[in-house]
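Peer 1: Dropping a structure here in structure tokens format, bear with me for questions.
The values are calculated or read from the model by the stated rules, or taken from the named source; none is laboratory data. Values in this document were obtained by computation on a predicted structure and should not be read as measured data. Ideal geometry is used to build each Cβ from the backbone, glycine not excepted, and the neighbour counts take in all protein chains shown. Quick note on the areas: whole protein, heavy atoms, side chains included, nothing else; ligands and nucleic acids left out. Shrake-Rupley method; radii C 1.70, N 1.55, O 1.52, S 1.80 Å.
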Amino acid sequence: MANYEFSQVSGDRPGCRLSRKAQIGLGVGLLVLIALVVGIVVILLRPRSLLVWTGEPTTKHFSDIFLGRCLIYTQILRPEMRDQNCQEILSTFKGAFVSKNPCNITREDYAPLVKLVTQTIPCNKTLFWSKSKHLAHQYTWIQGKMITLEDTLLGYIADDLRWCGDPSTSDMNYVSCPHWSENCPNNPITVFWKVISQKFAEDACGVVQVMLNGSLREPFYKNSTFGSVEVFSLDPNKVHKLQAWVMHDIEGASSNACSSSSLNELKMIVQKRNMIFACVDNYRPARFLQCVKNPEHPSCRLNT
């Protein structure tokens, strides 16, 4: 039988007074319960270890660089976009991957960002590139009218930056991020570039250009971003022609890459999608840029 006894309390109503033994037991029980609750809280609040990867971590001062580039682009380079809210863009960008496993990022994670940042590219001004980034950017910088993906707001901001998050923190991971070789194809960087590359291609219209590296065995590489995403995202209802500029290393062996099997594969893809295909080896205006560093090369002579 329970160890307690009755006694009278004020108002002549019956009450219950616990025995000393019961009081001690109750106190011990409360102490155990409090210790258990405190332990759970400590465990929940204790910083969990970040996932360890072999790739380089998030770029230092990422947010400052992001906001700085955004402001330079919207206030100086493209003042027609001055109404863009850079702080909101940064917050939406982080929302795609912060506090998430960096190998489980989806295209849908970046959908709010793509919806937030809209930018119109004039027809006939789109330039894609594959394994020729430096020359393509030199060309658009000097030419002033053509636009690569990195000349758009999101491309300009993210170019050459690294980033990832971690399930254990609401901050970015400044210790390590997944390397492409870690069987982690759905990492935040790869997914981001695929998403905005697809949007860039979908928005293209008129005649579009692609600059390819003719010094490679396969100038058109079907597993590249251009070969796997962009060329298949072109809308034949808006794009009627794709021109390939196949640029060779000025010090390398000259060859007619436009007749190679690699370019024929690209030609078949384009024509099958009801667009016209054209190819030029060593597109002259881009060749001039190569000649700036090696003006005495035979291919740089005006009569060549």
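Peer 1: Somewhere in region 241-248, is a residue small (Gly, Ala, Ser), surrounded by 14 or more Cβ atoms within 10 Å (Cβ to Cβ) and within 30 Å of the chain's Cα centre (by Cα)?
Peer 2: Among the residues of region 241-248, at least one is small (Gly, Ala, Ser), surrounded by 14 or more Cβ atoms within 10 Å (Cβ to Cβ) and within 30 Å of the chain's Cα centre (by Cα), which makes the answer yes.
Peer 1: Take region 138-174 and flag every residue that is hydroxyl-bearing (Ser, Thr, Tyr) and out of contact with any strand residue (DSSP E or B) (no Cβ under 8 Å at 6 or more places or on another chain).
Peer 2: Passing the criteria: Thr152, Tyr156, Ser168, Thr169, Ser170, Tyr174.
Peer 1: Restricting region 35-73 to residues that are among the hydrophobic types (A, V, I, L, M, F, W, C), in a helix (DSSP H, G or I) and at pLDDT 75 or above, which is nearest to Cys103 (Cα to Cα)?
Peer 2: Taking the candidates together, the pick is Phe62.
Peer 1: Asn187 is checked against (1) touching a strand residue (DSSP E or B) at 6+ places or on another chain (Cβ under 8 Å); (2) more than 24 Å from Asn124 (Cα to Cα); (3) open to solvent by 30 Å² or more (accessible area, probe 1.4 Å) and fails just one. What number does that condition carry?
Peer 2: Among (1) touching a strand residue (DSSP E or B) at 6+ places or on another chain (Cβ under 8 Å); (2) more than 24 Å from Asn124 (Cα to Cα); (3) open to solvent by 30 Å² or more (accessible area, probe 1.4 Å), Asn187 violates only (3).
Peer 1: Read through the list (1) more than 27 Å from Gly144 (Cα to Cα); (2) in a helix (DSSP H, G or I); (3) open to solvent by 50 Å² or more (accessible area, probe 1.4 Å), then give the number of the only condition that Ser255 fails.
Peer 2: With (1) more than 27 Å from Gly144 (Cα to Cα); (2) in a helix (DSSP H, G or I); (3) open to solvent by 50 Å² or more (accessible area, probe 1.4 Å) applied to Ser255, the lone miss is (2).
Peer 1: Looking only at region 135-152, count every residue that is surrounded by fewer than 19 Cβ atoms within 10 Å (Cβ to Cβ) and of a type in the set (Gly, Ala, Ser) and tell me the total.
Peer 2: Total meeting the criteria: 1.
Peer 1: Name the residues in region 49-92 that are open to solvent by less than 30 Å² (accessible area, probe 1.4 Å), among the polar types (S, T, N, Q) and over 14 Å from Arg162 (Cβ atoms), would you?
Peer 2: Passing the criteria: only Thr74.
Peer 1: Can you tell me which residue is nearest to Arg82 (Cα to Cα) among those in region 117-152 that are touching a Lys or Arg at 6+ places or on another chain (Cβ under 7 Å) and aliphatic (A, V, I, L, M)?
Peer 2: Ile147
Peer 1: Any residue at all in region 50-60 that is of a type in the set (A, V, I, L, M, F, W, C) and closer than 14 Å to Phe192 by Cβ?
Peer 2: no
Peer 1: Assess whether Cys164 counts as being open to solvent by less than 10 Å² (accessible area, probe 1.4 Å), within 18 Å of Trp193 (Cα to Cα) and part of a loop (DSSP other than H, G, I, E, B).
Peer 2: In short, yes.
Peer 1: State yes or no: is Lys272 among the basic types (Lys, Arg) and free of Cβ contacts under 8 Å to residues at least 24 places away in the same chain?
Peer 2: Criteria met by Lys272.
Peer 1: Separate question: Those residues that are closer than 15 Å to Ala136 by Cβ and either hydrophobic (A, V, I, L, M, F, W, C) or without any contact (Cβ under 8 Å) to a residue 12 or more places away in the chain (or both), I need them from region 205-219; list them, please.
Peer 2: Residues satisfying the conditions are Val208, Val210, Met211, Leu212, Leu216.
Peer 1: Please go through region 105-134 and pick out each residue that is in contact with a Pro (Cβ under 9 Å, 6 or more places away or on another chain) and open to solvent by 40 Å² or more (accessible area, probe 1.4 Å).
Peer 2: The answer is Lys131, and nothing else.
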